[in-house]
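Asks: Before I ask anything, here is the structure I am working with.
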Amino acid sequence: MTRQNDELDPITADVIMHGLSAVPNLVDKNIARTAYSFLISEYKDYAVGIVDGDGRLITQSRGGLPIFVANALSAAVGDGLAVYGKRRLQHGDVVISNHGGTMGQHLNNVVMYTPIRTGEADDELLGFFAVVMHWMDVGGITIGSCQSPFTTDVFQEGIQFRTVKLLAGGERIEEMFRMIAENTRFPKLVLGDVDSQIAGCLTGRDMVLDVAARYGSNAVRTSVERFWARAEAATRAVIASIPDGVYRASSFLDDDGIERGKPVEINVRVVIDGDEATVDLSEVAAELKGPLNAGFQGGAVAAARMAAKYVFSPDGPANDGAFRPIKVVCPPGRFLSAGPTAPIGGSGFTIPSVVDTILRALAACLREHIPAAHHGTYSVHVIDGRDAHGQLFQHIESAAGGWGAAYDRDGGGPFRSMAHGDTMEVPVELQEASHPYLVEYARLRPDSGGIGMFRGGLGLEKAYRMMQPGRVTTSIERTACPPWGLEGGGEGVPGRVEIERADGSREVLLKGEASVRAGDRVLLFTAGGGGFGDPARRSRKAIAADLKQGYVTHNPSSGSG
Amino acid sequence: MALIVGTDIGGTFTDVVGYDTEKRSLHFGKGLTDYGDLVNGVFDCLSQIEIDPAAVSVLKHGTTQVINILLERKGARTALVTTKGFRDVLEIGRASRPLPFDLTYRRDPPLVERALRFEVNERIDAKGQVLQPLDMEDLERICRRLEDERVEAVAVSFLNAYVTPSHEDGAAAFIRARLPHVYVTTGAEHSREWFEFERSSTAAANAYVGPRASHYVQRLETRLDEAGFDGRLLIMGSHGGVLSVRRAREQPVALVESGPIGGCIGATAYADALGLDRMVAFDMGGTTAKCALIEKGSFEIQPTYYIGGYEHGLPLRTPVLDIVEVGTGGGSIAYVDRQEHLHVGPRSAGSNPGPVCFRRGGNEPTVTDANVVLGRIGSGAFLSGSLSLDRDAAVAALMGKVGTPLGFAAAAEDQVARGVLALANAQMGTAIKEVTVERGKDIRDFTLFVFGGGGPLHGVELARELGIRRVVVPPEPGNFSALGMLFAPARIDEIRTVRLDVTGGADDEAQGLAGPLADMEAHASAALLRDFEAEAVAFERQAEMRYKGQRHTIRVAVDARDSFDRLRQAFLTTYAHRYGRADADAPVELIGLRVTAIAAAPAPDLRAMHRAARPGGTIVRRWRDVCFNTGRLRTLVLNRYDLPPGFQEQGPAIIEEFGATTLIGPGDRFEVGQFGELQITISTAAGLPS
């Protein structure tokens, strides 16, 4: 590399990038401390990032959900630039969008951003500081907006704010706050979260401006360009090491909740051509009647980028450069590129399976990098009702399950899905102190991991005993296409929910709702991960250890798990 | 003679500081840590500075033994006894992946294997009501298994024991009676807060380290007795106070950060004496830099500590000072990666082979080498001349490994060295922001208190970068951790989950607070009396409060007589101060109480703790070329021991002493304070660094 024409020395550029990258992480922690809903503080259902003046991702916070690595920030800012133009996005403006048509994720995901400006002219727009956050409730037919397995269009899933200003020139637009308050079932919690989202945007903006004031905007821009160029080169180098070719894999989801029993096909092609990769999702199922759809950005691009990051650039913050060598193909009208009115309440639910299928396609050429399938689902289950004092309560949990084994190790977990990250289970003691039920057990599910030379990780079993009547809503998936093994490894055992009545009778509830009475039990089983390699090659030592620890209750090579 | 002695067993060195309360004199000793026999190292150091154990009235001991047992996984064969249905609590954890894109991610494996995790039939609900009595036959069956399995330590941790530990206590008593040679501990002995995974993990860790830690403390005590020691042995706890020998044996997990916190305690003593309400203590050593917030003379306690770090570590609910650590120190290696990005640390050249300039075989450039290149550490002046420094070798390594690969001209070593320090400072600055900005504090209101070998060298530039106006360098910054230990008070922390809605209730309902507070104070006082034969001289009472629905809490000082209205107001004020806004109408709840009881401990006189000169002595002024961010300047070099209290001078200046060098920039001013500390005022007019 030549340096003669660069005024900015490379070390200063690295110091600038260190400064910029630190900002979203600092703001991230501050939001976790001030947000109201546990979806933010424990579930980490938000992400913080900086995009440039054209909406390209500069850097993003470390924590937060992988699903936001996708394009949430860029997609929202892109729409903002189309609607307002740079000129009408000035200092102190704060814009939100959750528009299904452009962002393509369930309406709870609201991106908020504010311009980072050194002046009013277009070329003085340095970028945007953005925070995407899951709002607890944005209206629609069910509490929480996105948990109904039965919606048939986006309008049943809540209100859409397409690129509207919450603040203009630093002044709150009270009309908007009134509108938000009247369109959610939890106005206090949502407005509390919104306040912390606003504070996050403005604090982050000021911290980026501090960096710009110190080093100059041009130095910041140059540093970012170089950072992107290097991240891009690193990704290209990894892709170039993979033999050219077309790699395919398939899997499917049980159904969309409306057309019961009709599988949702996930057929994936990954084309490696030199130092570029194309993720082609053209052959996935067509747009669905039920709410498992996602728009192009929130579906196809999100899944492809997550898979790309898992494989090609797992280290360092997500950024535009690292994604440049990845092309995403998915023509309109597929369930990962659904139209603007399609139901998208469960837009995230399919993503772990899509990501896993993309990884599966690459298993043939990246043997040492790609594990067998993980449980691959959100397995969302909701218990709600009224407690002994008549107060509404709601417990929402997406389940943790087993992860896949790999060429050199057993599967890990239980963890949530690949779309989740540092997302914490709600402690049983906190649940029992807040909700009218007892958790009778929360334990590993023996024999649920796929057999193999390396065994899949185990799923979980949990029992809730109701002390008051209530309702259970479930979205359990992947029961017909269990987590696959690789190279001869067995499948993980799929998950399910059972309702056990006080009289001992049991019914399975995969996608749907059921009333429960005091004394009934809700039994959750989550899937194990797939196994890797021929089970006959599993070491005696590993078999003995599994039996001793009770991870497996019988010799796995003598029968199926 | 009455000596107060602090001893600190660190990863590389064992340090001893002795303070003679009659002669008001200080003695320092340093030796390599003897891993074969940690206790030996202590005695070696004592004899090195000619301290007779019989003359010591108080010996305060800090050790990294507990954290080492945990990190090296060399603890006891440990079992866990849990509530029926919950034996996998240690393995399921919170099911989170702090490294979201690592397909191979695993948390560190549990300290107790599944085959040694036993379930007992018992159940208490969230209100403390017994749903299922403790099944003694079950326990007897488990005890037989524990015997068969030759278990050395047992942790008992039951669901909802934070509300009522009666079943845990009952089970522990039974096992202790039945298996007298087995080390037994319970979850609620360590934490009365909710969250079953964190509490069980704490109990398991305590059991795991218990037998060895207990043996170690006992042996130290025996060896001291044999040497004629007639004083009091106290063990440094992670919470910033000392523990009695007995408590250290019962709760060794409370020693997990016993080593590194001495400096923070010392900083607190100076904060009090200097009347500094808002201070960041910054300790830069060879491999890491650590910082902690000290407000109104006290520090924060971490809600949860993670063994070996948050990303993979197991949680502990034991009070640990809230210290943020970053892998940047004097020995941190600067290198260029394949993407041509510069990195500094976390890999360190340590003391062996050490920086290139030490000429002990190191060939990778470090932060220290960059400082030598710039003339900030004087060649030959390091450790008072006992170590000569090779600047040419440092320049060659820096340019060979960093400058040339990044395309710098051959003569640009100053620029490259400044760049390495700029990145190191940026990393350390981020850690300081984590303890301030991330917690809603305005960093510019704080004083930076710097120590450790590298703190005084980097403090002024860090302060300038962060907008901090004042830097304080205490006496003996290089030995400050062991020295700080001398100030550690006897301290007991009681923390409990207590839930109160402070929104709507009538004021007399606030008496809900008086009961638990009185109980906790009585408990803490009894512990002080039992452990130290001392009365509590001060109580700190804090409530963990939040808006209803929030998960994170803030701490608010409380009093047993507080009305709900007072509690709310205190919460709103603290909240608004921290986050710039507070909703006066939203419901507020209290979810926990903490009581800290402190007993006076014999502490040295701060005025005698320095080696500053008396007024009127000779002050040797030397000069050398030092490169600052604005370029090379002829710079005044002073010996710290020449400077009397009241001495003032303007930067640029370098102040050298044993184990540390203080760098003062052009335009900055400094003065030697009454306790021998350097008070540096940062110039706001100085040009920004490149």
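The values are calculated or read from the model by the stated rules, or taken from the named source; none is laboratory data. Computed from a predicted structure; not experimentally measured. Here Cβ is always computed from backbone atoms with ideal geometry, including for glycine, and neighbour counts include all displayed protein chains.
Asks: Please state which one of B:PRO645, B:PRO666 is under 22 Å from B:GLY266 (Cα atoms) and either outside any strand (DSSP E or B) or out of contact with any helix residue (DSSP H, G or I) (no Cβ under 9 Å at 6 or more places or on another chain) (or both).
Replies: Residue meeting the stated conditions: B:PRO645.
Asks: Within the range A:282-299, can you find the residues that are more than 11 Å from A:MET103 (Cα to Cα) and touching a residue at least 24 places away in the same chain (Cβ under 8 Å)?
Replies: A:SER282, A:VAL284, A:ALA285, A:ALA286, A:GLU287, A:LEU288, A:LYS289, A:GLY290, A:PRO291, A:LEU292, A:ASN293
Asks: How many residues does the range B:606-644 hold that are in contact with a strand residue (DSSP E or B) (Cβ under 9 Å, 6 or more places away or on another chain) and either closer than 30 Å to B:ALA524 by Cβ or among the aromatic types (Phe, Trp, Tyr) (or both)?
Replies: Summing the residues that are in contact with a strand residue (DSSP E or B) (Cβ under 9 Å, 6 or more places away or on another chain) and either closer than 30 Å to B:ALA524 by Cβ or among the aromatic types (Phe, Trp, Tyr) (or both) in the range B:606-644 gives 4.
Asks: When the range B:403-419 is examined, which residues are found to be small (Gly, Ala, Ser), assigned to a loop (DSSP other than H, G, I, E, B) and within 11 Å of chain A (Cβ to nearest Cβ)?
Replies: B:GLY407, B:ALA409, B:ALA412
Asks: Do you know which residues across the range B:108-150 are in a loop (DSSP other than H, G, I, E, B) and small (Gly, Ala, Ser)?
Replies: Once the filter is applied, which keeps residues that are in a loop (DSSP other than H, G, I, E, B) and small (Gly, Ala, Ser), the range B:108-150 yields B:ALA126, B:GLY128.
Asks: Next question, about the same structure. From the list A:MET424, A:MET418, which residue is assigned to a loop (DSSP other than H, G, I, E, B), within 7 Å of another protein chain (Cβ to nearest Cβ) and either free of Cβ contacts under 8 Å to residues at least 24 places away in the same chain or of a type in the set (A, V, I, L, M) (or both)?
Replies: Being assigned to a loop (DSSP other than H, G, I, E, B), within 7 Å of another protein chain (Cβ to nearest Cβ) and either free of Cβ contacts under 8 Å to residues at least 24 places away in the same chain or of a type in the set (A, V, I, L, M) (or both) holds for just one of A:MET424, A:MET418, which is A:MET424.
Asks: Looking at B:ALA431, B:ALA410, which one is outside the structural domain of B:PHE480 (by TED's automatic domain parsing) and at negative phi?
Replies: B:ALA410
Asks: Return the residue satisfying two criteria in turn: it lies in the range A:354-409 and is hydroxyl-bearing (Ser, Thr, Tyr) and assigned to a loop (DSSP other than H, G, I, E, B), and of such residues it is surrounded by the fewest Cβ atoms within 10 Å (Cβ to Cβ).
Replies: Top of the filtered list is A:TYR407.
Asks: Out of the range B:193-215, which residues are among the basic types (Lys, Arg) and within 12 Å of another protein chain (Cβ to nearest Cβ)?
Replies: B:ARG199
Asks: Being part of a loop (DSSP other than H, G, I, E, B) and over 30 Å from A:LEU430 (Cβ atoms) narrows it down to one of B:LEU276, B:LEU233, B:LEU224, so name that one.
Replies: B:LEU276
Asks: Tell me which residues, restricted to the range A:23-32, are in contact (Cβ under 8 Å) with a residue 40 or more places away in the chain and within 8 Å of chain B (Cβ to nearest Cβ).
Replies: Matches in the range A:23-32: A:LEU26, A:ASN30.
Asks: Additional query: Pull up the range B:535-552, narrow it to residues that are outside any strand (DSSP E or B) and touching a residue at least 60 places away in the same chain (Cβ under 8 Å), then point me to the one that is farthest from A:TYR43 (Cα to Cα).
Replies: Among them, the one singled out is B:GLU535.
Asks: Could you list all residues from the range B:437-474 that are touching a residue at least 12 places away in the same chain (Cβ under 8 Å) and of a type in the set (A, V, I, L, M)?
Replies: B:ILE443, B:LEU448, B:VAL450, B:LEU457, B:VAL460, B:LEU462, B:ALA463, B:LEU466, B:ILE468, B:VAL471, B:VAL472, B:VAL473
Asks: Which of the residues spanning the range A:123-163 are outside any strand (DSSP E or B), over 23 Å from A:THR474 (Cβ atoms) and in contact with a strand residue (DSSP E or B) (Cβ under 7 Å, 6 or more places away or on another chain)?
Replies: A:GLU124, A:PHE161, A:ARG162, A:THR163, listed by residue number.
Asks: Given the conditions (1) part of a helix (DSSP H, G or I); (2) touching a Gly at 6+ places or on another chain (Cβ under 9 Å); (3) surrounded by fewer than 16 Cβ atoms within 10 Å (Cβ to Cβ), report the number of the one that B:PRO615 does not fulfil.
Replies: (1)
Asks: Which numbered condition in (1) buried (at least 24 other Cβ atoms within 10 Å of the Cβ); (2) among the β-branched types (Val, Ile, Thr); (3) out of contact with any strand residue (DSSP E or B) (no Cβ under 7 Å at 6 or more places or on another chain) is the only one that B:VAL420 fails?
Replies: Failing condition for B:VAL420: (3).
Asks: I'd like the full set of residues that are within 15 Å of A:PRO24 (Cβ to Cβ), crowded, with 22+ Cβ neighbours inside 10 Å and facing another protein chain (nearest Cβ under 10 Å), limited to the range A:190-202.
Replies: A:SER196
Asks: Being surrounded by fewer than 24 Cβ atoms within 10 Å (Cβ to Cβ), of a type outside the set (S, T, N, Q) and at pLDDT below 95 is the requirement here; does A:PHE312 meet it?
Replies: yes
Asks: Based on this model, can you work out whether A:VAL270 counts as of a type outside the set (Ser, Thr, Tyr), farther than 16 Å from A:ARG324 by Cβ and touching a strand residue (DSSP E or B) at 6+ places or on another chain (Cβ under 6 Å)?
Replies: yes
Asks: Now for a separate question. So which residues in the range B:67-78 are farther than 18 Å from B:PHE13 by Cβ and not small (Gly, Ala, Ser), if there are any at all?
Replies: B:ILE69, B:LEU70, B:LEU71, B:GLU72, B:ARG73, B:LYS74, B:ARG77, B:THR78, listed by residue number.
Asks: Next question. What about A:THR235, is it closer than 26 Å to A:ASP275 by Cβ and polar (S, T, N, Q)?
Replies: Answer is yes for this residue.
Asks: Still on this structure: Could you tell me which numbered condition B:PHE299 fails, if it satisfies all but one of (1) within 13 Å of the chain's Cα centre (by Cα); (2) without any contact (Cβ under 8 Å) to a residue 60 or more places away in the chain; (3) more than 19 Å from B:LEU483 (Cβ to Cβ)?
Replies: For B:PHE299, the exception is condition (3).
Asks: Could you please let me know if B:ARG499 is modelled with pLDDT of 80 or more, within 19 Å of B:GLU193 (Cα to Cα) and within 14 Å of chain A (Cβ to nearest Cβ)?
Replies: yes
Asks: Would you mind stating whether B:VAL450 is more than 20 Å from B:GLY297 (Cα to Cα), more than 14 Å from chain A (Cβ to nearest Cβ) and in contact with a Ser or Thr (Cβ under 9 Å, 6 or more places away or on another chain)?
Replies: no
Asks: Hey, does the range B:151-171 have a residue that's acidic (Asp, Glu), within 13 Å of another protein chain (Cβ to nearest Cβ) and outside any helix (DSSP H, G or I)?
Replies: Checked against the condition, which is being acidic (Asp, Glu), within 13 Å of another protein chain (Cβ to nearest Cβ) and outside any helix (DSSP H, G or I), the range B:151-171 yields no hits at all.
Asks: Determine which single condition B:ARG634 fails, assuming it passes every other condition in (1) out of contact with any Leu (no Cβ under 7 Å at 6 or more places or on another chain); (2) crowded, with 19+ Cβ neighbours inside 10 Å.
Replies: The number of the failed condition is (2).
Asks: Here is a follow-up. Could you grab me the full set of residues in the range B:96-121 that are within 7 Å of chain A (Cβ to nearest Cβ), buried (at least 22 other Cβ atoms within 10 Å of the Cβ) and in contact with a Leu (Cβ under 8 Å, 6 or more places away or on another chain)?
Replies: B:PRO100
Asks: Here is a follow-up. Which residues, counting only those in the range B:406-455, are of a type in the set (Asp, Glu) and under 27 Å from the mean Cα position of the chain (by Cα)?
Replies: B:GLU434, B:GLU438, B:ASP442, B:ASP445
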